[in-house]
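A.B. asks: Below is a structure I'd like to ask you about.
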Amino acid sequence: MAAAPIEFAEVGPLWEKTYSPSFRIDDEIWRQNMVVHPAVAASLRGPGWIAVLKGPVPEYGGDANRFHLAAIAFDSPDSGQAAAKAAVQSATGLGATSLSFGQDGDHIWPGVPHDHPHLIAALESAGFTIGGTVDDLQRDLANYSPRDPAAISPEFRPAGTSDESGLMDYFTREFPGRWRVDVMQQFQENPARVMVWEVDGNIEGHALIQTSDTHHPIGGAIWRNDLGPNWGALGSIGVSARLRGGGSGGRLLDASLLELSRRQVRECIIDWTGLSAFYEKYGFTITRKYQSASLTLATP
Ligand SMILES: CC(C)(COP(=O)(O)OP(=O)(O)OC[C@H]1O[C@@H](n2cnc3c(N)ncnc32)[C@H](O)[C@@H]1OP(=O)(O)O)[C@@H](O)C(=O)NCCC(=O)NCCS
């Protein structure tokens, strides 16, 4: 029989011991992402530690045997190492060929928070390789003024229900994986959460813009409690490959930030990005850093 899911009451105290206050989670987030989520593959527990494994989301495409260490919390360096080893053992038993820290569907973590040395040591002791860095960036959007005045144009606008087929065509062509699934899910709940760039009747760019009325924000697990009540989030953002580098991606970003500002957003996050230099041009500063961590598993 499968082990019982780990409820928030069990993980909460361990979470506080493992992570700094800027990575607070809550009952609702934990339940959505780690208790009732269909990708949860194993809920593991031992003395002073818990760990949750998730499998892949089939709709994203990609490697069907790539599993994720979606959550881990522990009360001492030794129990951290025990948790990481148990996670690797369990993933192997489930037939995983690789195990990544975070990056799961409805993830908490885009990578290992870089300022948590006990966690990094625990992962390394279990055989994980620590790799490249991604960032979260933030800025206050009160009275946002666009960097490029050409961003104020009907070409850049919130989507409406009639954009559904145009958006699907665009995503199928340009971003057929995870972004298509995540953005269209938010579009179904509220089309105005998607900004579009329209050229001659075709959609050539998108930006997902989320605000505090989003009950199940994409990527919102660890930051929404830290941003304050009028939080906003931008991303994913993209434009058609053949049109990049001509100023439109920047204008779409500008128009999307202006729209978030009009919706009364104050602190806005752009999470899980390797393009910090792009966003820094628009006044964002890096607030958190993460390192990727993954492990290739021996196949039986
Ligand atoms: C990121 C993206 C939306 C930018 O759109 P774009 O049309 O190529 O960018 P623009 O030509 O409008 O550039 C606007 C400004 O940002 C800068 N910029 C663009 N891409 C950059 C990058 N990767 N790194 C640093 N600066 C960048 C440009 O130099 C320009 O600066 P300037 O106004 O001072 O000259 C586009 O390249 C894209 O769709 N990429 C693939 C999807 C992606 O990676 N999205 C971001 C994920 S976090």
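The values are calculated or read from the model by the stated rules, or taken from the named source; none is laboratory data. Source: prediction; values computed, not measured. Cβ coordinates were reconstructed from backbone atoms using ideal geometry, including for glycine residues, and neighbour counts include every protein chain displayed.
A.B. asks: Please count how many residues of the stretch 199-228 are among the β-branched types (Val, Ile, Thr), in contact with a Phe, Trp or Tyr (Cβ under 8 Å, 6 or more places away or on another chain) and surrounded by fewer than 17 Cβ atoms within 10 Å (Cβ to Cβ).
C.D. replies: Filtering the stretch 199-228 for residues among the β-branched types (Val, Ile, Thr) gives 199, 203, 209, 211, 214, 218, 222.
Narrowing the set further to residues that are in contact with a Phe, Trp or Tyr (Cβ under 8 Å, 6 or more places away or on another chain) leaves 203, 211, 222.
When the remaining residues are screened for being surrounded by fewer than 17 Cβ atoms within 10 Å (Cβ to Cβ), the result is none.
Number satisfying all stated conditions: 0.
A.B. asks: Criterion first (crowded, with 21+ Cβ neighbours inside 10 Å, in contact (Cβ under 8 Å) with a residue 12 or more places away in the chain and under 30 Å from Leu257 (Cα atoms)) does Gly132 satisfy it?
C.D. replies: Numbers: crowded, with 21+ Cβ neighbours inside 10 Å: no; in contact (Cβ under 8 Å) with a residue 12 or more places away in the chain: yes; under 30 Å from Leu257 (Cα atoms): yes.
Taking the combined requirement at face value, the residue does not satisfy it.
A.B. asks: Continuing with the same structure: Checking Ile203 against (1) in contact (Cβ under 8 Å) with a residue 40 or more places away in the chain; (2) closer than 17 Å to Leu141 by Cβ; (3) more than 9 Å from the ligand (Cβ to nearest atom); (4) touching an Asp or Glu at 6+ places or on another chain (Cβ under 8 Å), which single condition isn't satisfied?
C.D. replies: (2)
A.B. asks: I want to confirm something. Restricting to the stretch 156-175 and keeping residues that are within 13 Å of the ligand (Cβ to nearest atom) and in contact (Cβ under 8 Å) with a residue 40 or more places away in the chain, which single residue is farthest from Phe284 (Cα to Cα)?
C.D. replies: Taking the stretch 156-175 first, the residues within 13 Å of the ligand (Cβ to nearest atom) are 156, 170-171, 173-175.
Now restrict to residues that are in contact (Cβ under 8 Å) with a residue 40 or more places away in the chain: 156, 170, 173-175.
Working: Phe156: 21, Tyr170: 28, Arg173: 30, Glu174: 26, Phe175: 25 Å.
Among residues in the stretch 156-175 that are within 13 Å of the ligand (Cβ to nearest atom) and in contact (Cβ under 8 Å) with a residue 40 or more places away in the chain, the one farthest from Phe284 (Cα to Cα) is Arg173.
A.B. asks: Being more than 12 Å from the ligand (Cβ to nearest atom) and modelled with pLDDT of 95 or more narrows it down to one residue among Arg266, Arg224, Arg244, Arg251; which is it? Steps first, please.
C.D. replies: Values: Arg224 fails: modelled with pLDDT of 95 or more; Arg244 fails: more than 12 Å from the ligand (Cβ to nearest atom); Arg251 fails: more than 12 Å from the ligand (Cβ to nearest atom).
Matching residue, one of Arg266, Arg224, Arg244, Arg251: Arg266.
A.B. asks: I'd like the full set of residues that are among the small types (Gly, Ala, Ser), over 15 Å from the mean Cα position of the chain (by Cα) and within 12 Å of the ligand (Cβ to nearest atom), limited to the stretch 227-241.
C.D. replies: Just the residues of the stretch 227-241 that are among the small types (Gly, Ala, Ser), to begin with: 228, 232-233, 235-236, 238, 240-241.
Now restrict to residues that are over 15 Å from the mean Cα position of the chain (by Cα): 228, 238, 240-241.
Residues satisfying the conditions are Gly238, Ser240, Ala241.
A.B. asks: Considering Thr273, Thr287, Thr296, which residue is more than 20 Å from Ile152 (Cβ to Cβ), more than 7 Å from the ligand (Cβ to nearest atom) and crowded, with 16+ Cβ neighbours inside 10 Å?
C.D. replies: On the way: Thr273 fails: more than 7 Å from the ligand (Cβ to nearest atom); Thr296 fails: crowded, with 16+ Cβ neighbours inside 10 Å.
Going through Thr273, Thr287, Thr296 in turn, the sole match is Thr287.
A.B. asks: Only one of Val181, Val239, Val196 is under 30 Å from Asp27 (Cβ atoms) and surrounded by 15 or more Cβ atoms within 10 Å (Cβ to Cβ); which?
C.D. replies: Working: Val239 fails: under 30 Å from Asp27 (Cβ atoms); Val196 fails: under 30 Å from Asp27 (Cβ atoms).
Criteria check complete, one pass: Val181.
A.B. asks: Can you tell me how many residues within the stretch 178-221 are in a loop (DSSP other than H, G, I, E, B) and modelled with pLDDT under 95?
C.D. replies: Residues of the stretch 178-221 in a loop (DSSP other than H, G, I, E, B): 190, 200-201, 212-221.
Next, from what is left, pick out any that are modelled with pLDDT under 95: 212-221.
Of the residues in that region, 10 qualify.
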